[in-house]
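The values are calculated or read from the model by the stated rules, or taken from the named source; none is laboratory data. These numbers were taken from a predicted model, which means no experiment stands behind them. Note that we place each Cβ from the backbone using ideal geometry, even for glycine, and neighbour counts take in every protein chain shown. Just so you know, the surface numbers come from the protein's heavy atoms only, side chains and all, with ligands and any DNA or RNA stripped out. Shrake-Rupley method; radii C 1.70, N 1.55, O 1.52, S 1.80 Å.
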Amino acid sequence: MASEKQATFVIVGGGIAGVTCAEQIASQFPSDEVYLLTASPLVKTVTNFKQYPNLKVVQSAVKLLQAKEHLLQAENGQTFHYKKLCICSGARPKLLTQDNPHVLGIRDTDSAQEFQKRLSKAKRIVVIGNGGIALELVYEVEGCEVIWAIKDKAIGNTFFDAGAAQFLIPSLEADKKRQRARYTTDKTAGMNSPHTLVYTLTHSEHCCPLLAFLMKNECCCNKYVHYLLGKSLDTDNVYNSHSGASGELGSALGPDWHEGIELRGAVQNSSGVHIEYECEVDKIYTQQDFLESKLSTNKSELGVWPAYVELTNRKTYGCDLVISATGVVPNTDPFLSGNSFELAVDHGLRVDDHMRTSEQDVYAAGDVCTAGWEPSALWQQMRLWTQARQMGWYAARCMAADVLEEPIELDFCFELFSHITKFFNYKVVLLGKFNAQGLGQDHELLLRCTKGQEYVKVVLTGGRMVGAVLIGDTDLEETFENLILNQMDLSRYGEELLNPNIDIEDYFD
Ligand code: FAD
């Protein structure tokens, strides 16, 4: 039934950005109506919302925004007149192809469950992409052959360099069950292992040959720490994310999305991963198309499969399923028509340092937006759960400051990039310019590596630490975070900075 609502604040999107924004603004303005419009149902958070009687959750997708009139139309027929609007509509997977039933993207609970169902009948899958989702998938899938096609020279290059990739590769080849069982013992072991090697690399040195050497050496300690990511992050607000009834996207899955989902294929003991480097997908064929195609490959040698993937390196693989994990595209569609939003090159809604879009009184936060301000020298935007939460919270504070006509400074969380995750069962911490992003030749790398245990990389410029990659249980993150933030001149310490026999935390206390 059509109806009109007046609200001081309207927030669109029931993901982490929208929910954080709505909670924050509702608590700050208890006597103002706040509406949260979402295409997908919220599950756990609804109970949290009961403490904000002024916050109304409407489960309906927005179909039209008239920004000049400060008006939103939802699919359920309701119209909302707002004073301030925050768009937190997330992003959707960039699918290789839209209408191929053998191609699947993973974004929300429904797509993860669909993947699990189809994987259970699969003998071979092809995974395309080199970001976080692909990295987690290839490691977690068991009982199914995985062909992993990446366009780069090394795995995981969104997150780390070729050296770290070399460090992680043996985990793909190892027996994962045994590996998981091992990761449960002594936290202190290994730090002072006689096999730990420390190197200084200049930007011009390629660390791969060095790491290849390290990997071949039997410098390994048998004790590991299993670090559970979920315990280290505030995941209280993680809730189930379903697609809406209308087929709209559900909220994005966050850290640990595969916990509790068994990713097992149809083969008893096979879990091999084969990587095809520096290639992309040229064409995906259905079985029928493949048989009729003029491909020069000996078709019968490839076997009979529901789908075939031809790569740009001219190799073709038959498979049951193709997983497209090639990134996301901001979900801006319903908001653009008739409005004049400034979009960034990645198609996100461009926001200034107050999270304001180019349309008056319209803010944006999370995966849908692109930071348009001059970033701190140690921060960059990545479409991650933590950043979506920080942006949602900060956008609410900016809306409040604008309403109250109070000044507000860019929040401290945008000072230093930091991300904690888990890849191949290792804790991974990324700080600042962890990949020397934007530094050109003007940097030096310090590296410490113990095979199967830890990989530590420090990025220095002018003797000051600007970034770090910490893989394994290094216990260095707090100290390094401080060293990066206080920009202390570390020139005189040289390689000693990574000397495993020095308790660095004590040293800089
Ligand atoms: P979303 O969570 O996508 O929420 C968008 C919301 O907007 C949804 O509720 C949707 O229904 C709603 N919506 C969309 N259109 C409309 C409309 N027209 N009207 C109303 N509502 C609408 N990040 C990490 O930091 N660590 C990880 O380990 C990690 N793993 C991930 C694994 C997977 C499989 C995926 C997909 C993502 C992962 N991410 C991870 C990224 C992280 O989940 C996202 O960056 C974050 O959740 C984005 O939050 P958001 O609120 O901006 O968007």
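Using the heavy atoms of the protein chains alone and a 1.4 angstrom probe, what is the accessible area of region 57-152 per residue in square angstrom? Kindly include the intermediate steps, with their values, before the conclusion.
Details: 3600 Å² over 96 residues.
Accessible area per residue, region 57-152: 37 Å².
Roughly speaking, to the nearest percent, how much of region 280-361's 1.4 Å accessible area is carbon and sulfur?
Details: 2010 of 4270 Å².
The value for region 280-361 is 47 percent carbon and sulfur by accessible area.
Restricting to DSSP loop positions (anything but H, G, I, E, B) with no more than 12 other Cβ atoms inside 10 Å of their own Cβ, which trypsin sites (Lys or Arg not before Pro) remain in region 67-115? Kindly include the intermediate steps, with their values, before the conclusion.
Numbers: sites: Lys68, Lys83, Lys84, Lys94, Arg107; in loops: Lys68, Lys94, Arg107.
Listed in order of number, the matching sites are Lys68.
Student exercise: in region 1-160, how many lysine pairs 8 or more apart or on different chains have Cα atoms under 13 Å apart? Can you show the working numbers first?
Details: Lys5/Lys56; Lys5/Lys83; Lys68/Lys83; Lys68/Lys84.
Counting lysine pairs in region 1-160 gives 4.
By the gyration tensor of its Cα atoms, with a ≥ b ≥ c the square roots of the eigenvalues, what is the shape of region 366-509: rounded for a/c under 1.5, prolate for a/b over b/c, or oblate?
Working: a/c = 2.22, a/b = 1.78, b/c = 1.25.
Because a/c hits 1.5 or more and a/b exceeds b/c, region 366-509 counts as prolate.
With a cap of 12 neighbouring Cβ atoms within 10 Å, and only residues DSSP puts in a loop, list the chymotrypsin sites (Phe, Trp or Tyr not before Pro) found in region 10-116. If you can, show how the numbers build up before the last one.
On the way: sites: Tyr35, Phe49, Phe80, Tyr82, Phe115; in loops: none.
Here no loop site has a sparse enough neighbourhood.
Placing unit charges on C-beta atoms (Lys and Arg positive, Asp and Glu negative, everything else neutral), compute the dipole magnitude of region 318-420 about its Cα centre in debye, rounded to 20.
Values: 5 positive and 16 negative charges, 70 e Å.
With Lys and Arg at +1 and Asp and Glu at -1, about 340 debye.
Tell me which residues come under 5 Å, amide H to amide H, from Lys433 once H is placed; ignore anything under 5 positions away on its chain.
Residues meeting the criterion, in which the H sits 1.01 Å from N, are Gly467, Ala468.
Would you please classify the overall shape of region 286-364 from the alpha carbon gyration tensor, given that a ≥ b ≥ c denote the square roots of the eigenvalues, rounded means a/c under 1.5, and beyond that prolate means a/b larger than b/c while oblate covers the rest? Can you show the working numbers first?
Details: a/c = 4.35, a/b = 3.81, b/c = 1.14.
Because a/c hits 1.5 or more and a/b exceeds b/c, region 286-364 counts as prolate.
Run the accessible area of region 373-431 with a 1.4 Å probe and give the carbon-and-sulfur part as a rounded percent.
On the way: 1190 of 2320 Å².
Carbon with sulfur: 51 percent of the solvent-accessible area.
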